[in-house]
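To keep things clear, I will list the structure first and then write my remarks on it.
Each value in this text was obtained by applying a stated rule to the coordinates, not by laboratory testing. Since we're looking at a predicted model, the values are computed, not measured. When we count neighbours, we look across all protein chains shown, and the Cβ atoms used for this are built from the backbone with ideal geometry, even at glycine.
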Amino acid sequence: MDIKQILTHATLQKASDVFLVTGLPLTYKVNGQLVHITEKPLMPSDTESLVRGIYGLASGRDYDTFNKNGDDDFSFALPGVSRFRASTYKQRGTDAAVIRIISFSLPDPKAMGIPDCVTDLADLRKGMILVTGPAGSGKSTTMACMIDHINETRAEHIITLEDPLEHLHHHKKSIVSQREIGTDTEDYVTALRAALRQSPDVILLGEMRDHETINVAMTAAETGHLILSTMHTISAADTIDRVVDAFPPNQQNQIAVQLSMCLSAVVSQQLIPSVDHSRLIPAFEVLTVTPGVRNMIRDHKAHQIGGLLYSSTQPDMFSMDTYLYNLVTHDRITAETAISHAVNPAMLEKKLQ
């Protein structure tokens, strides 16, 4: 199969990712499981041909530059099939790629299993919302649903800064300006500083990677904008510690105070296999920043947030383990699966008994 046939077939098979690696058969990831599509392993000439084919589909990307540098990330589309996010790389001197499949249509939050309390966070008019979780946990999908919610309900200017662009948003009630790092702008910090001069109401920042980006993002949130971004952390408490620890020790007290004032919510998520392993179900932890939480952040007591979430009875504030417990009681996932994905497995196991 050529690359077009592979991507069309993978989309029809509802794969989330396609793996092109020398010495490995053509492989898809379907519902979190790796599935070999061919019996014969790909040879170096096969992967080079397929990777060159990807560059042929992606306008403005240069195979020779990738061949020299050894890494590249970009998005492209096949009309009538889907959009794709490609990460091409060298391994053992041969070409390789992992291609994420992204639907042309925006995800339906209810069909995806995203609770209303998460999408409703987009009703906030200012502050910072962080969506966190490991790679491939659905953070981009959740943020796309939140942006679409704003787009459908408010007349505002939304600016997204992504590397690369994933979900495409059409102008509805809002104006949506989507900028790709490396194509439309140099880097996150440059784009974010420029965005503040472009009359934004909402800024989506694909990822907060360093203290300089975090600092500009917090300043934007303090000045009356709504900032949405992601981090690769596994809980609300870890997220707060990660933000503060990104700065030099002599700045951390000031940053903790600043974060306590601008942070509005932290959503942590992961994907869990369903009871019959036919799909992946998102599980969430939601921290809504209350005056009490602001005090914990300012006083460097983020470690207390886990206990607060675990004991919370509020519909818009709950721990990951509470959400997993509810998925088990509604027969969405097995108890064993819940325990293996829990923050505190022993406590959840006791509760399930």
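How charged is the neighbourhood of Val189? Take every other residue with its Cβ under 11 Å from the Cβ of Val189, and add Lys/Arg as +1 and Asp/Glu as -1.
Cβ neighbours under 11 Å give a net charge of -2.
Can you tell me, using C-alpha contacts under 8 Å and at least 6 residues apart, the relative contact order of the chain as a whole percent?
13
If you only keep lysine pairs separated by 8 or more in sequence, or across chains, how many in the chain come under 25 Å at the Cα atoms?
25
Tell me what the chain gives for mean residue ellipticity at 222 nm when only DSSP H runs of n ≥ 4 count, each as -39,500 (n - 2.57), the sum divided by the residue total, rounded to 500 deg cm²/dmol.
That comes out to -10500 deg cm²/dmol.
Once you keep just the Cα pairs under 8 angstrom separated by 6 or more residues, what percentage relative contact order results for segment 3-102?
Value for segment 3-102: 28 percent.
Counting Lys +1, Arg +1, Asp -1, Glu -1, what net charge surrounds Glu222 among other residues with beta carbon under 14 Å of its beta carbon?
So the environment of Glu222 carries a net charge of +3.
Among residues other than Asp316 whose Cβ falls under 13 Å from its Cβ, what is the net charge (Lys/Arg +1, Asp/Glu -1)?
-4
Could you work out how far helix 3-12 tilts from the main Cα principal axis of the chain, as a 0 to 90 degree angle to the nearest 10?
For helix 3-12, the angle is close to 50 degrees.
Please state the shape class of segment 270-353: rounded when a/c is under 1.5, otherwise prolate if a/b exceeds b/c and oblate if not, all from the C-alpha gyration tensor. If you can, show how the numbers build up before the last one.
Values: a/c = 2.57, a/b = 2.11, b/c = 1.22.
It is prolate, given that a/c is not under 1.5 and a/b is the larger ratio.
Top mean-square fluctuation among Ser75, Ser137, Ser340, Gaussian network model of the chain, C-alpha springs under 10 Å?
Ser340
Which order do Thr38, Thr142 fall in if you start with the one that has the fewest other Cβ atoms within 10 Å?
Thr38, Thr142
Tell me, in nm to one decimal, what length is gained between Ala111 and Asn67 on full extension, where the rule is 0.36 nm per residue of separation less the Cα-Cα distance?
Going from the current span to full extension adds 11.8 nm.
Considering the Cα positions of segment 142-235, please state its Rg to one decimal place and its Dmax as a whole number of Å.
When restricted to Cα atoms, segment 142-235 yields Rg and Dmax of 12.4, 34 Å.
So between Ala135 and Glu349, what do we pick up on full extension, going 0.36 nm a residue minus the alpha carbon distance?
74.4 nm
If packing is taken as the average number of other Cβ atoms within 10 Å across a peptide's residues, how do 184-192, 202-210 rank, most packed first? Each step should come with its number before you reach the end.
On the way: 184-192: 17.4, 202-210: 21.9.
Per-residue mean Cβ counts within 10 Å order the peptides as 202-210, 184-192.
Tell me the volume per residue, in Å³, of the convex hull enclosing the alpha carbons of segment 271-314.
95
Rounded to the nearest Å, what's the spacing between the alpha carbon centres of segment 149-209 and segment 80-136? Just the number, please.
Using only Cα atoms to place each centre, the spacing works out to 15 Å.
Report, in debye and to the nearest 20, how large the dipole of segment 3-102 comes out about its Cα centre when Lys and Arg carry +1 and Asp and Glu carry -1 on their Cβ.
The dipole magnitude comes to about 260 debye.
Under the rule a/c < 1.5 gives rounded, and otherwise a/b versus b/c splits prolate from oblate, where does segment 3-102 land using the Cα gyration tensor?
Numbers: a/c = 1.82, a/b = 1.14, b/c = 1.59.
Because a/c hits 1.5 or more and a/b fails to exceed b/c, segment 3-102 counts as oblate.
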